[in-house]
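**Student:** Before I ask anything, let me first share the structure, which is written out below as structure tokens.
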Amino acid sequence: MALSIGSKAPDFTAQTTQGQISFHEWLGDSWGIIFSHPKDFTPVCTTELGYLARLTPEFEKRNCKVIGLSVDPVGNHERWLGDIRSATGGDVTYPIIGDSDLKVAKLYEMLPAESGDTSEGRTAADNQTVRTVYLIGPDKLIKAMLSYPMSSGRNFDEVLRLLDSCQLTAKHKVATPVNWKWGEDVIIVPSVSDEEAKERFPDGWNSVTPYLRVVPQPQE
């Protein structure tokens, strides 16, 4: 069955720029972001890794670990980090998975099984589908998936907003409306009855429709 929201995030063991990890063990009780790249030393990806390096403290505040993946050996990653630092000013402190055997890319269904078993000789265009962000909960379930073409840099401010939304849902049983930003009103999820809502939101809510119940964003 194809991976989707609600699927168990596949576990794996891999070498990274910070040593070998077992993914589920490394994640522990944290939320997690995996973001993948088709190849090292590519221009758009360089800007992405650098920006996320500067944004990493915001993810850490939210108990969310960040890990990258690129279809190249770890040795290449380590050389790439110098370019990222000089080009963007971002000092990458999160690990980057070396996926030179394509195993993790296949496990996460970003490359077909017939892609071979080595990154050697493969171009970024060959790996262009390895451009997905996975948001994973502490329960190891996939909460969101975002896929981008190689030519479009990812918006990690949006990924952070998405993490905030998913964490609010997990803790408070609220959803976030279109274009929601932190601090704005939220929606009581339909699975919460009015009786339960009275307990959770004793100050009441605004019923725009019977199924659209709006409350101020919980702050804790």
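**Student:** Once ligands and nucleic acids are excluded and a 1.4 Å probe is used, how much of T176 is accessible, expressed in Å² to the nearest 10?
**Tutor:** For T176, the solvent-accessible surface is approximately 40 Å².
**Student:** Tell me whether the range 1-98 comes out rounded, prolate or oblate; compute the Cα gyration tensor, take square roots of the eigenvalues as a ≥ b ≥ c, and use a/c under 1.5 as the rounded threshold.
**Tutor:** Because a/c hits 1.5 or more and a/b exceeds b/c, the range 1-98 counts as prolate.
**Student:** Would you mind getting me the FRET efficiency between V178 and T93? Use the beta-carbon distance for r and R0 = 35 Å, nearest 0.05.
**Tutor:** Once the sixth-power term is evaluated, E becomes 0.55.
**Student:** Follow-up question, since we're still on this one. Report the charge-dipole magnitude of the range 1-126 in Debye, nearest 20, computed about the Cα centre from +1 at each Lys and Arg Cβ and -1 at each Asp and Glu Cβ.
**Tutor:** It works out to roughly 340 debye.
**Student:** A further question on this structure: How much length is gained on full extension from D194 to E158, taking 0.36 nm per residue of separation minus their Cα-Cα distance?
**Tutor:** The span from D194 to E158 would gain 9.8 nm if fully extended.
**Student:** Another one. Taking the Cα-to-Cβ direction at R62 and at I5 and moving 7 Å from each Cα, how far apart do the two end points lie in nm?
**Tutor:** About 1.5 nm, to one decimal.
**Student:** Right, something else. Too long at a 29 Å Cα-Cα cut-off: which of K103/K171; K8/K103; K106/K173; K103/K140; K8/K198; K106/K143?
**Tutor:** The pairs that break the limit, which is 29 Å between Cα atoms, are K103/K171; K106/K173; K8/K198.
**Student:** Another question, if that's okay. Of the options T169, W80, V104, report the single residue whose Cα projects farthest towards the positive end of the charge dipole of the range 75-220 (beta-carbon charges: Lys, Arg +1; Asp, Glu -1).
**Tutor:** T169
**Student:** Please identify the chymotrypsin sites (Phe, Trp or Tyr not before Pro) of the range 164-220 that satisfy two criteria: DSSP loop assignment and at most 13 other Cβ atoms within 10 Å. Which are they?
**Tutor:** W182, Y211
**Student:** Under a 1.4 angstrom probe, counting protein chains only, how are E48, E25 ranked by accessible area, largest first?
**Tutor:** E25, E48
**Student:** At T169 and H24, where each label point lies 7 Å from the Cα along Cα→Cβ, what is the point-to-point distance in nanometres?
**Tutor:** Taking the simple label geometry, T169 and H24 are separated by 2.3 nm.
**Student:** On a 1.4 Å probe surface of the protein chains, which of T16, T93 comes out largest in accessible area, and what is the full order?
**Tutor:** I get T93, T16, largest accessible area first.
**Student:** Quick check: at a probe of 1.4 Å, how many percent of the accessible area of the chain sits on carbon and sulfur atoms?
**Tutor:** Ligands and nucleic acids excluded, carbon and sulfur give 52 percent.
**Student:** While we're looking at this one, here's another question. What does the charge dipole of the range 1-59 about its Cα centre add up to, to the nearest 20 debye, if the Cβ of each Lys and Arg holds +1 and the Cβ of each Asp and Glu holds -1?
**Tutor:** Roughly 140 debye for the range 1-59.
**Student:** Report relative contact order for the chain in percent, whole number only (criteria: Cα-Cα under 8 Å, sequence separation at least 6).
**Tutor:** After rounding, I find 21 percent.
**Student:** For the range 69-220, with only Lys/Arg (+1) and Asp/Glu (-1) charged at the beta-carbon, what is the dipole magnitude about the Cα centre, in debye rounded to 20?
**Tutor:** Once rounded to the nearest 20, the dipole reads 160 debye.
**Student:** Starting with the highest mean, order 193-201, 29-37 by the number of other Cβ atoms within 10 Å, averaged over the residues of each peptide.
**Tutor:** Most protected by this proxy first, the peptides run 29-37, 193-201.
**Student:** Roughly how far apart, in whole Å, are the Cα centres of the range 1-19 and the range 109-166?
**Tutor:** The distance from the Cα centre of the range 1-19 to that of the range 109-166 comes to 11 Å.
**Student:** If you don't mind, another one. Using Cα pairs under 8 angstrom and six or more residues apart, how large is the relative contact order of the range 101-168, in percent?
**Tutor:** This gives 21 percent for the range 101-168.
**Student:** Would you mind working out the accessible area per residue for the chain, using a 1.4 Å probe, and quoting it in Å²?
**Tutor:** 50
**Student:** Rounded to the nearest 10 degrees, what's the angle between the helix 74-88 long axis and the longest principal axis of the chain, both from Cα atoms, 0 to 90?
**Tutor:** 70
The values are calculated or read from the model by the stated rules, or taken from the named source; none is laboratory data. Just so it is clear, the model here is predicted, and its values are computed rather than measured. Because the Cβ atoms are built from the backbone with ideal geometry, glycine has one as well, and the counts that use them run over all protein chains shown. Note: accessible area is taken over every heavy atom of the protein model, side chains too, but ligands, DNA and RNA are not part of it. Shrake-Rupley method; radii C 1.70, N 1.55, O 1.52, S 1.80 Å.
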